[in-house]
Amino acid sequence: MTGKKNSCIQFVILITIKKKTKMTIVKICLGSSCFARGNNQILTLLKQEIEAKKLNAMLEIVGCRCSNLCADGPNVFVDEKKYTHVTAQDIPSILESIHG
Ligand code: FES
């Protein structure tokens, strides 16, 4: 695989319930820089919060290789929206964008 569009590896699919038909794609950069800066923990926290809040959304979580935005990392992408310098404190706003 080459190129950014093909650089994601699907590793988890969470589908929580019902009425929404639009699939939200959450991409978590798991390149070495973002991983070392905490995206491994962000992934765990996101999954825990999604399960705890029982979001009414269909979403797919994928891990991505480095997208050459390391200086801004850890990076998380929700559809077209980019979250940079992500910490645990950003999880509520990330979940809001999934839910909204
Ligand atoms: S490791 Fe995440 S952008 Fe490079």
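Values computed for the structure shown
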{"quantity": "At most 16 other Cβ within 10 Å, DSSP loop - trypsin sites (Lys or Arg not before Pro), region 55-87", "calculated": "65"}
{"quantity": "Low-density loop positions, GluC sites (Glu not before Pro), region 30-100 - DSSP coil, at most 13 other Cβ in 10 Å", "calculated": "80"}
{"quantity": "Extension gain, residue 33 back to residue 70 (0.36 nm per residue minus Cα-Cα distance, nm)", "calculated": "12.7 nm"}
{"quantity": "Separation in nanometres of the label points that stand 7 Å from Cα toward Cβ, at residue 80 and residue 24", "calculated": "1.7 nm"}
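Taken together, the values in this text are just the output of simple stated rules run on the coordinates, not laboratory data. Just so it is clear, the structure is predicted and the values come from calculations on it, not from any experiment. Note that we place each Cβ from the backbone using ideal geometry, even for glycine, and neighbour counts take in every protein chain shown.
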